[in-house]
Every structure is written in structure tokens, then in C-alpha cells.
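Novice: Quick one: the structure is below, questions incoming.
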């Protein structure tokens, strides 16, 4: 009697493990490699020397006035610890962090700092900024690099993507890569 219950149960567990744990992942991986090879391999970004500099899909920290800064990250841009901070709007720690970030990002004479530069994304790894948040940083970046603000503004415009659905965005890594190619005095 027991074997009539146990044998089918064990057989079903083994069968479902093979289907959902082996066959399905192999099929999905194979289809992804054929249909979307760049995305399936992480959408990696390479420099001129074929060295990996990051991913189009994951934000990374850029510090210093000569670079465009991404959105803040609750997980310090670590993919393992990605996620939101879970600080509620009533939490004083959130107000303190936003206030500190606002003071760091503030540019004299440019008005309030755009929200994109003060708030984290749900994952903490959003690689995009709004064009307004990128535009806000143009004067600082141009002054730090001793290049024309018009040229830096053109880089922002050239790196603004308008997806089929959703608002226009600027990929910070792509923008900073183009920025690194600028020569002083341009």
C-alpha cells in the first residue's frame, strides 16, 4: 500500500525537477542566446581596449565633479545587495539622507536639485536619469573638465533615449563614456 503512494510521488518529484530545474532553464537560456545574445550576456559595455567597463542595465558609482552622477543607491550599487532602503517618508533618516544629497548635488543658481538625483530606485541599480537630472549637472561637469557647456549639453542630448513606451532617459554609463572621450577646450 505504501509503495503505491510513495513511488508515484517520488517519480513525480523527479520528473518535475527535470522539467522545471533542467529542461526549462536550458530552453530559455538557448532561446535567449539566439534571440537576444547581447542582453542574455549582461549588456556589457566595453572600452576601446575591449575591457569591460560595466553594464547598460546596472548603475555604478561615479564620483567627482567631472562625471555625471547616477541616482543614489540604497545598496551602494552592489548587485547582491540591490534593493530599496525601505525608509518611509516619515523616517527622519530619509529626510537627513535626501538633505545631505541635495547639498552635495546643488549647483549655485540652478534652482532645486531634480528628484532623480535625490531618490533611489526600487532596485537601487537604475542606470538611467531623466534628461532634466542630466541637464542639471551640465554646468558642473563642463567647469570641472574645462570644456564648453554647449558641448557637454550636446552629449546629453546625443545620449538621451526615447523608448517606445515611457519617458526619455539618459544612461549615465554611456554618457560618461562619451564624456571621457572629450578633449580639454572642446
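Novice: Limited to region 82-113, what total is found for residues that are part of a loop (DSSP other than H, G, I, E, B) and either touching a strand residue (DSSP E or B) at 6+ places or on another chain (Cβ under 6 Å) or in contact (Cβ under 8 Å) with a residue 24 or more places away in the chain (or both)?
Specialist: Of all residues in region 82-113, those part of a loop (DSSP other than H, G, I, E, B) come to 82-91, 106-113.
Now narrow it down to the ones that are either touching a strand residue (DSSP E or B) at 6+ places or on another chain (Cβ under 6 Å) or in contact (Cβ under 8 Å) with a residue 24 or more places away in the chain (or both): 82-85, 107, 110.
The qualifying residues number 6.
Novice: I'd like to check something: does region 63-72 contain any residue that is in contact with a strand residue (DSSP E or B) (Cβ under 7 Å, 6 or more places away or on another chain), in the same structural domain as residue 120 (by TED's automatic domain parsing) and either part of a loop (DSSP other than H, G, I, E, B) or within 21 Å of residue 131 (Cβ to Cβ) (or both)?
Specialist: Narrowing region 63-72 to residues in contact with a strand residue (DSSP E or B) (Cβ under 7 Å, 6 or more places away or on another chain): 70-71.
Then keep just the ones that are in the same structural domain as residue 120 (by TED's automatic domain parsing); that gives 70-71.
From what's left, either part of a loop (DSSP other than H, G, I, E, B) or within 21 Å of residue 131 (Cβ to Cβ) (or both): 70-71.
There is at least one residue in region 63-72 that is in contact with a strand residue (DSSP E or B) (Cβ under 7 Å, 6 or more places away or on another chain), in the same structural domain as residue 120 (by TED's automatic domain parsing) and either part of a loop (DSSP other than H, G, I, E, B) or within 21 Å of residue 131 (Cβ to Cβ) (or both).
Novice: Given (1) in the same structural domain as residue 122 (by TED's automatic domain parsing); (2) surrounded by fewer than 16 Cβ atoms within 10 Å (Cβ to Cβ); (3) out of contact with any helix residue (DSSP H, G or I) (no Cβ under 8 Å at 6 or more places or on another chain), identify the lone condition not met by residue 56.
Specialist: Going through the list (1) in the same structural domain as residue 122 (by TED's automatic domain parsing); (2) surrounded by fewer than 16 Cβ atoms within 10 Å (Cβ to Cβ); (3) out of contact with any helix residue (DSSP H, G or I) (no Cβ under 8 Å at 6 or more places or on another chain), residue 56 breaks only (3).
For (1) closer than 13 Å to residue 66 by Cβ; (2) surrounded by 12 or more Cβ atoms within 10 Å (Cβ to Cβ); (3) touching a helix residue (DSSP H, G or I) at 6+ places or on another chain (Cβ under 7 Å), each residue gets a yes or a no:
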{"position": "137", "(1), (2), (3)": "yes, yes, no"}
{"position": "149", "(1), (2), (3)": "no, yes, yes"}
{"position": "170", "(1), (2), (3)": "no, yes, yes"}
{"position": "182", "(1), (2), (3)": "yes, yes, yes"}
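Novice: Return yes when residue 116 is outside any loop (DSSP other than H, G, I, E, B) and either at pLDDT below 85 or closer than 19 Å to residue 56 by Cα (or both) and no when it is not. Outline the logic, then answer.
Specialist: On the way: outside any loop (DSSP other than H, G, I, E, B): yes; either at pLDDT below 85 or closer than 19 Å to residue 56 by Cα (or both): yes.
Yes.
Novice: Another question about this same structure. Run down 87, 117, 129 and say which single residue is touching a helix residue (DSSP H, G or I) at 6+ places or on another chain (Cβ under 7 Å) and within 16 Å of residue 54 (Cβ to Cβ).
Specialist: Details: 87 fails: within 16 Å of residue 54 (Cβ to Cβ); 117 fails: within 16 Å of residue 54 (Cβ to Cβ).
Among 87, 117, 129, only 129 is touching a helix residue (DSSP H, G or I) at 6+ places or on another chain (Cβ under 7 Å) and within 16 Å of residue 54 (Cβ to Cβ).
The values are calculated or read from the model by the stated rules, or taken from the named source; none is laboratory data. Remember, it's a predicted structure, so these values are computed and weren't measured experimentally. Because the Cβ atoms are built from the backbone with ideal geometry, glycine has one as well, and the counts that use them run over all protein chains shown.
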